[in-house]
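Encoded as structure tokens, the structure appears first; notes follow it.
Values in this text are rule-based calculations from the coordinates and carry no lab data. Since the structure is predicted, the reported quantities are computational estimates derived from the model, not experimental observations. Note that we place each Cβ from the backbone using ideal geometry, even for glycine, and neighbour counts take in every protein chain shown.
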Amino acid sequence: MKNPVNIDSVVINGEVCTGCALCVDVCPHRLLALKKEKAVFDNGQDQDCMECGHCAAICPLEAVSVEGVSAILDFQTFPEKLKVLKPEECDCSSLVQLMRSRRSCRKYTSQPVETALLEDLVKIGITAPSGTNSQSWDFVILPTRADVEALGNLTADFYRKLNSQAANPLYRLLAKFFANDALNRYYQNYYQSVAEALREWDEDGVDRLFHGATAAIVVTGRKDASCPAEDALLATQNILLAAHTMGLGSCLIGFAVEAVKRSTSARAALAMAGNEEIYSVIALGYPAVTFRQVAGRKEVQPRVLHLAGGTLVR
Ligand SMILES: Cc1cc2nc3c(=O)[nH]c(=O)nc-3n(C[C@H](O)[C@H](O)[C@H](O)COP(=O)(O)O)c2cc1C
């Protein structure tokens with residue numbers, strides 16, 4: 001996990017800099033200034049450099065670099081294109097079509113997923129934005145079906161215990177006064193289906209948790225980051241979309257997230273640090289199903305407000 005860096009991370013080549021000040025204007029923390037018609041970097045009067053790299057990205061002469069940050073991610077399974085696309089070179093229609101073609105996959109073939117693909121997916125994940133550019137996410141790759149099953153067993157252990165508590169009326173009575181009555185709600189909404197899934201897992205080897213996925217990526221983050229959940233979930237969505245382009249099916253497994261959050265043995269198995277929290281578990285594998293229609297959604301009614309005028313437009 002990356003720690004905040006407080007050194008002089010921006011380096012300006014004074015020989016090349018023409019003092020155009022584009023980098024000065026774009027720096028979110030105003031850590032660059034023009035001195036004697038050259039850009040200079042002064043880290044950390046009030047705020048540290050968050051190493052967003054906007055100064056380097058905007059310089060037309062490549063006079064600016066950010067130490068320890070490389071534009072090259074070195075993908076193993078596809079060529080890396082470093083050219084910035086102009087809006088007119090992008091196709092919104094294709095982007096949305098990709099988004100709607102990704103569906104949760106709940107049936108996989110037994111074909112293993114190449115580790116190189118999983119490693120590339122993690123690198124695609126980290127192209128997401130993050131609060132104050134903290135990038136304080138971490139990723140655990142479970143590369144084989146056996147590894148996925150091991151997490152499945154840890155998850156099953158957790159739900160076995162939870163179900164035995166939820167089945168006890170005394171626990172449910174006590175739960176009314178604690179944790180927002182969560183145990184009663186769990187009992188009403190999930191107890192029965194979880195009991196059935198556990199029985200199928202134990203007796204028939206049917207995997208209703210990971211749906212037979214042959215790999216998984218767990219996305220975690222540092223709890224003390226500014227927006228760890230948002231960062232991890234943005235990285236997660238990148239991974240889901242990219243997986244589709246690689247021919248992989250994917251499915252978020254919220255049941256496993258809840259189990260890992262509360263199970264010390266699952267946290268230990270995933271080698272999670274004390275200040276690390278889990279935010280998503282992504283099941284992956286080659287799909288054994290083909291969807292013929294893009295995703296449909298319920299109608300959405302955004303509130304269009306002219307707050308300045310105080311009128312509701314629609
Ligand atoms: C936070 C979250 C947790 C989810 N957990 C599960 C899960 O545990 N098991 C599962 O089969 N699907 C899970 N899903 C998948 C949703 O059921 C699925 O996204 C939704 O039905 C829409 O279908 P689509 O992804 O194919 O568009 C989860 C999705 C999200 C966003």
query: Mean 1/r over all different Cα pairs, inverted: what Kirkwood radius does the chain give, in Å?
result: 22.9 Å
field: 25 Å Cα-Cα threshold exceeded, pairs from Lys161/Lys298; Lys107/Lys161; Lys83/Lys123
entry: Lys161/Lys298; Lys107/Lys161
statement: Here the membrane-span-like helices of the chain, with no claim about any membrane, defined by DSSP H, Cα axial extent at least 24 Å and mean Kyte-Doolittle at least 0.0, are 228-245
query: Normalised by the residues of the chain, what does the relative contact order come to in percent, with Cα pairs under 8 Å and at least six apart?
result: 21 percent
Long-range HN-HN contacts of Thr220 with modeled amide H, under 5 Å: Asp138, Phe139, Val140, Tyr279
message: Can you say what percent of the DSSP beta bridges in the chain, counting only those with both residues inside, are antiparallel? Round to 5.
response: 95 percent
query: So which trypsin sites (Lys or Arg not before Pro) in the stretch 104-194 pass both tests, a DSSP loop state and at most 14 other Cβ atoms within 10 Å of the Cβ?
result: Lys107, Lys176
statement: Placing one equal point scatterer on each C-alpha of the stretch 197-314 and summing with Debye, one gets log10 I(q)/I(0) at q = 0.20 Å⁻¹ equal to -1.16
message: Between the stretch 155-215 and the stretch 42-79, what is the separation of their alpha carbon centroids in Å?
response: 46 Å
message: Ignoring everything except DSSP H segments at least 4 long, calculate the 222 nm mean residue ellipticity for the chain; use -39,500 (n - 2.57) per segment, divide by total residues, nearest 500.
response: -11000 deg cm²/dmol
- line: Exposure proxy check on Ser130, Ser110: fewest-to-most Cβ neighbours within 10 Å is Ser110, Ser130
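Filter the chymotrypsin sites (Phe, Trp or Tyr not before Pro) in the stretch 6-113 to those in DSSP coil with at most 16 other Cβ atoms within 10 Å of their Cβ, and list the result.
Those that pass, being in a loop and sparsely packed, are Phe75.
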- prompt: Does the stretch 10-66 come out rounded, prolate or oblate, given a ≥ b ≥ c as the square roots of the eigenvalues of its C-alpha gyration tensor, rounded meaning a/c under 1.5 and, failing that, prolate meaning a/b above b/c?
  reply: prolate
field: Residue among Ser94, Leu240, Tyr191 farthest towards the positive dipole end of the chain, charges placed on Cβ
entry: Tyr191
- line: Once normalised by the length of the stretch 10-66, the mean sequence separation of its alpha carbon contacts under 8 Å that are 6 or more apart gives a contact order in percent of 43 percent
- prompt: What would the Debye formula give as log10 I(q)/I(0) at q = 0.20 Å⁻¹ for the alpha-carbon point model of the stretch 1-159, no solvent?
  reply: -1.36
message: Taking the Cα centre as origin and putting +1 on Lys and Arg beta-carbons and -1 on Asp and Glu beta-carbons, what dipole magnitude results for the chain, to the nearest 20 debye?
response: 1320 debye
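Give a quick list of trypsin sites (Lys or Arg not before Pro) in the stretch 260-295 that DSSP marks as loop, anything other than H, G, I, E or B, with at most 13 other Cβ atoms within 10 Å.
Hits after loop and neighbour filter: Arg292.
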- prompt: Given the options Leu162, Leu233, Leu82, which has the most mean-square fluctuation in a GNM of the chain, springs set between C-alpha atoms less than 10 angstrom apart?
  reply: Leu82
- prompt: Just how large is the dipole of the stretch 20-88 about the Cα centre, in debye to the nearest 20, putting +1 at every Lys and Arg Cβ and -1 at every Asp and Glu Cβ?
  reply: 260 debye
message: If amide hydrogens are placed 1.01 Å from N in the peptide plane, which non-local residues have theirs closer than 5 Å to the one on Tyr108?
response: Ala288
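May I ask for the net charge around Phe75, where only other residues with Cβ less than 9 Å from the Cβ of Phe75 are counted and Lys, Arg are +1 while Asp, Glu are -1?
Around Phe75, the charge tally is -3.
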